[in-house]
Amino acid sequence: MKRILDACCGGRMFWFNRKRKDVVFMDIRDFEETLCDGRKLVVKPDIVADFRDMPFPDESFYLVVFDPPHLLRAGDKSWLAKKYGKLGPLWKHDISEGFNECMRVLKPNSTLVFKWNEDQVKLSEILKVVAVEPLFGFRRGKTHFLVFMKDEVCQ
């Protein structure tokens, strides 16, 4: 089994090496499309699966990256929805379930990196549905990166 899971890989946009051999790239989508500006958007995960119900045993990974869709308001066929995905009406439940799944597949004392853009949903709203307190994080514009650790004592 590979050491790292990217649970919502999309176009692998923030990876320096988009073909890392020790990462399982997972997404619910699988497609290629040319965007309106001529760039190609390629979403080709290793595994097509839903972050709310991952096909991995408990405690499978040392690092999980969770960068779920963050948009509520975007046209279904818009380039924003295609590039970043779109939240559904049950988004609070979906994010909570996804976060729980990420923690489930983490090995004890391992790390979850969570990325959130608060353009349409504030980070404070997300933290209300997540049952674990972040260790630390940083913000760049409207985008937050938070780091969590799976610690059996705190779970």
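The values are calculated or read from the model by the stated rules, or taken from the named source; none is laboratory data. What you see is a predicted model, and the numbers here were worked out from it, not measured in a lab. Cβ sites come from the backbone with ideal geometry, for glycine too, and all protein chains shown count toward neighbours. Heavy atoms of the whole protein, side chains included, go into the accessibility calculation; ligands, DNA and RNA do not. Shrake-Rupley method; radii C 1.70, N 1.55, O 1.52, S 1.80 Å.
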| Quick one: what pairs do we get from the range 5-21, first residue free of Cβ contacts under 8 Å to residues at least 60 places away in the same chain and within 12 Å of PRO69 (Cα to Cα), second part of a loop (DSSP other than H, G, I, E, B) and open to solvent by less than 40 Å² (accessible area, probe 1.4 Å), C-beta under 7 Å, 6+ apart or different chains? | CYS9/PRO45
| field | Options ASP46, ASP53; residue that is surrounded by 13 or more Cβ atoms within 10 Å (Cβ to Cβ) and either free of Cβ contacts under 8 Å to residues at least 60 places away in the same chain or within 22 Å of PHE145 (Cα to Cα) (or both) | value | ASP46
| remark: Condition set open to solvent by 80 Å² or more (accessible area, probe 1.4 Å) and aromatic (Phe, Trp, Tyr), scope the range 56-82, selection farthest from the chain's Cα centre (by Cα): answer is TRP79
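Residue by residue, here is whether (1) within 25 Å of ALA74 (Cβ to Cβ); (2) open to solvent by 90 Å² or more (accessible area, probe 1.4 Å); (3) assigned to a loop (DSSP other than H, G, I, E, B) holds:
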| position | (1), (2), (3) |
| --- | --- |
| THR111 | no, no, no |
| LYS115 | yes, no, no |
| VAL121 | yes, no, yes |
| ILE126 | yes, no, no |
| query | Mind checking which residues of the range 26-43 are under 21 Å from PHE16 (Cβ atoms) and either open to solvent by 80 Å² or more (accessible area, probe 1.4 Å) or of a type outside the set (D, E, K, R) (or both)? | reply | MET26, ARG39, LYS40, LEU41, VAL42, VAL43
| Pair list, Cβ < 9 Å and 6+ apart or interchain, from the range 77-89 residues that are within 12 Å of ASP119 (Cβ to Cβ) to residues that are at pLDDT 90 or above and among the aliphatic types (A, V, I, L, M) | LEU80/LEU71; LEU80/ALA74; TYR84/LEU71; TYR84/ALA74; LEU87/LEU71; LEU87/LEU72; LEU87/ILE95; LEU87/VAL121
| query | What pairs can you find where one residue is in the range 22-35 and aromatic (Phe, Trp, Tyr), the other is at pLDDT 95 or above, and their Cβ atoms are less than 7 Å apart, with a gap of 6+ or different chains? | reply | PHE25/ASP6; PHE25/CYS9; PHE25/ARG12; PHE25/PRO45; PHE25/ASP46; PHE31/VAL43
